[in-house]
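S.K.: My structure is below; once you've seen it, I'll send some questions.
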Amino acid sequence: MNEAFSGTTEVQPAQRLDEARLQRWFASHVDEDARARLDIRQFKGGQSNPTFLVDTGRRRYVLRRKPAGELLPSAHAVDREFRIMKALAPTGVPVPGVHALCEDDEVIGSAFYVMDYMDGRILWDPKLPELSREERGLIYDDMNRVLAALHEVKVEAAGLADFGRTGNYVERQIARWTRQYRASQTEHIEAFEQLIEWLPRRVPAQAVTRIVHGDFRLDNLVFAHDAPRIIAVLDWELSTLGDPLADFAYHCMAWQLPPPLRGLGDLSGAQLAALGLPCVEDYLARYCERRGLPAMTGATWRFYGAFNLFRAAAIAQGIMGRAIAGNASSAHALEAGRQARALAELGWRSAQD
C-alpha cells in the first residue's frame, strides 16, 4: 500500500469549505441523515480535483470538487465526470453511483458532485507484490476486460454523442496539451519542444470514435476485497470522445516507464513471467481479440507510446504550475510536477526508436 497517497487526512487549510452550508445542501440533495451528522475528511491522493470522504453516520459518500483559485481553461471538469459516470451506470462498465451535482459556487466555493463511496482495494504497485502469482494475472486480465468493454460502448446509445468532438482526437489532444503545457510552463524542456514538432506529422488514422477514460491506470481502479474484479473505475476528469487505441496505449505506459518514474507505474525490467504478469505484446493482443481488431503494427504502437508520454509530461507540468501557484490539491504535487522533464525525454527517445 502507498501510505503517502492512501486513506484520508484532516481537510487541508487550502481546501477548507463551509461545512454548515454544505451540511444543509447535503441534507436536501443527497441524504437527510446529514441534518444530524456530517463528518468530512480529505483523501490524501488526487493531484487535480480535491476529493473528500463524507460520513452521515449510516452511509459514506465521496465529494469531488474543483480546486480553489485561478484554473486553466477546461481543466478540472467535475461536471463532465458526473455526467459520464451517470451515463455509464447502465452499460456494465463499473462506476460509482452518482447522486447530485452542484454548480453553485456559493455552497463551498467551487462546483462539486457527490458519488457513492466504493469499499474495496486500491492497488498501487503494478507488480502487485502483495498478491499471489495467480491473482496478479487475473487482476491484469480484468483491467484489460473493463477497458475493452468501455471502448465497445456505443456513444449514441449512451447518450453521449455531444460529449466531445468526433474524429481527429489525437491531433486535437496534441494541440490541447501543447496549450496546457505553455500555460503552466516553468522552464524550457527541449524534448517537449521536439515532440510538439514531431507528433502532428505522424498521427495514425482514427478508425472509430468511442468513449476514452483518459487516465485508466491501476490506482484509479477499485477492486473487490474478495476477488480480482474491478468494482469501480474512478477519476473521469479527462474523459471525452476519442481514439480508443490512444486510451489503451496510455494504460500500457507502465511497461515503458523506468524506475525513476515508478510513481506512475513501473513494469520495465520486471520479470513478468515469473510474477505472473503479461508482457505488453500479449496484453495488446488480448485487448484486440476482445474488441475484434486486427493486430497493431509496431510503428503505430510506438507512435501511441510517444504521444502518451508527451501527454503525461504536459499533465505533470500542469501539476508543477499549480504547486508553484499554491493551489495544488496534494502535498506531493511538487514531486509529481518534477517528472515533466523525464517523461518528455522518455517520450522523445521512444519516438526515435
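Every read-out reported here was derived from the displayed coordinates using simple, explicitly stated rules and does not represent laboratory data. Quantities reported herein were computed from a predicted structural model and do not represent experimental measurements. Here the Cβ is made from the backbone with ideal geometry for all residues, glycine too, and neighbour counts use every protein chain on show.
S.K.: Determine ³J(HN,Hα), in whole Hz, for all residues of segment 198-206 in sequence, where each value follows from phi through the Karplus function 6.51 cos²θ - 1.76 cosθ + 1.60 and θ = phi - 60°; x replaces Gly and Pro.
M.R.: 7, 4, x, 7, 10, 6, x, 5, 8
S.K.: Out of residues 5 or more away from Ile231 or on other chains, whose amide H comes under 5 Å of its own, with H placed 1.01 Å from N in the peptide plane?
M.R.: Result for Ile231 returns Val222, Phe223, Ala224.
S.K.: Same structure again: Would you mind calculating the gained length between Val208 and Asp119 on full extension (0.36 nm times residue separation, minus the Cα-Cα distance), in nm to one decimal? All intermediate terms of the calculation are to be shown ahead of the outcome.
M.R.: Working: separation 89, 0.36 × 89 = 32.04 nm, distance 3.48 nm.
The Val208-Asp119 span can extend by a further 28.6 nm.
S.K.: Taking Cα centroids, how far is segment 207-226 from segment 267-294 in Å?
M.R.: 16
S.K.: Put +1 on the Cβ of each Lys and Arg and -1 on the Cβ of each Asp and Glu in the chain; which of Trp124, Pro50, Ala299 then has its Cα farthest toward the positive end of the dipole?
M.R.: Result: Ala299, furthest along the dipole toward the positive end.
S.K.: Related question: Please report how far the C-alpha centroid of segment 74-126 lies from that of segment 19-46, rounded to the nearest whole angstrom.
M.R.: If we compute the Cα centre of each part, the gap is 15 Å.
S.K.: When a footprinting reagent is the concern and you count Cβ atoms within 10 Å, what order do Thr51, Thr9, Thr209 take, fewest first?
M.R.: Least to most surrounded, the residues fall as Thr9, Thr209, Thr51.
S.K.: Here's another thing I want to ask about it. Rounded to the nearest 0.05, what FRET efficiency do Thr297 and Ser132 have when you use their Cβ-Cβ distance and R0 = 45 Å?
M.R.: In this case the efficiency is close to 0.80.
S.K.: Moving to a separate point now. By the scheme Lys and Arg +1, Asp and Glu -1, what is the net charge of all other residues having a beta-carbon under 12 Å from that of Val11?
M.R.: Result for the local shell: 0.
S.K.: Follow-up. Which listed residue (Pro278, Val203, Pro228) has the Cα farthest towards the positive end of the charge dipole for segment 200-280, taking +1 on Lys and Arg C-beta and -1 on Asp and Glu C-beta about the Cα centre?
M.R.: It is Val203, whose Cα lies furthest towards the positive end.
S.K.: With a/c under 1.5 counting as rounded, go ahead and sort segment 84-157 into rounded, prolate or oblate using the C-alpha gyration tensor (a ≥ b ≥ c being the square roots of the eigenvalues; past the cut-off, prolate if a/b is larger than b/c, else oblate).
M.R.: oblate
S.K.: Counting only other residues whose beta carbon sits under 14 Å from that of Ala299, what net charge do I get with K and R as +1, D and E as -1?
M.R.: Counting the neighbours of Ala299, the net charge comes to +2.
S.K.: Is there a quick way to get the dipole size of the chain? I mean about its Cα centre, with the Cβ of Lys and Arg at +1 and of Asp and Glu at -1; what is the value in debye to the nearest 20?
M.R.: 380
S.K.: Which ³J(HN,Hα) values in Hz, rounded to whole numbers, follow from the phi angles of segment 31-41 under the Karplus curve 6.51 cos²θ - 1.76 cosθ + 1.60, where θ = phi - 60° and Gly and Pro get x?
M.R.: Taking θ as phi minus 60°, the curve returns 8, 4, 4, 5, 4, 8, 7, 8, 9, 10, 10 Hz for segment 31-41.
S.K.: Moving on to the next point. What nm value, rounded to one decimal, do you get for the distance between Glu19 and Gln352 when each label is placed 7 Å out toward the C-beta?
M.R.: Result for the modelled spin labels: 5.5 nm.
S.K.: In this model, which of Lys44/Lys66; Lys86/Lys154; Lys127/Lys154 are farther than 23 Å apart at the alpha-carbon?
M.R.: Flagged as over cut-off: Lys127/Lys154.
S.K.: Moving on to the next point. Can you put Arg229, Arg210 in order of Cβ neighbours within 10 angstrom, beginning with the fewest?
M.R.: Least to most surrounded, the residues fall as Arg229, Arg210.
S.K.: Rounded, prolate or oblate: which fits segment 190-325 when a ≥ b ≥ c are the square roots of the eigenvalues of the alpha-carbon gyration tensor, with rounded for a/c under 1.5 and prolate only if a/b beats b/c?
M.R.: Cα axes put segment 190-325 in the rounded bin.
S.K.: Hey, got a sec? Which trypsin sites (Lys or Arg not before Pro) in segment 85-156 land in a DSSP loop and have at most 13 other Cβ atoms within 10 Å? Could you put the intermediate results ahead of the total?
M.R.: Numbers: sites: Lys86, Arg121, Lys127, Arg133, Arg136, Arg145, Lys154; in loops: Lys127, Lys154.
Of the trypsin sites (Lys or Arg not before Pro), the ones in loops of segment 85-156 whose Cβ has at most 13 other Cβ atoms within 10 Å are Lys154.
S.K.: Want the number for Ala183 to Arg145: 0.36 nm per residue separation, take away the alpha-carbon distance, what's left?
M.R.: 10.0 nm
S.K.: When the dipole is taken about the Cα centre of segment 8-116, and only Lys, Arg (+1) and Asp, Glu (-1) are charged at their Cβ, what size is it in debye, to the nearest 20?
M.R.: Values: 16 positive and 16 negative charges, 62 e Å.
Once rounded to the nearest 20, the dipole reads 300 debye.
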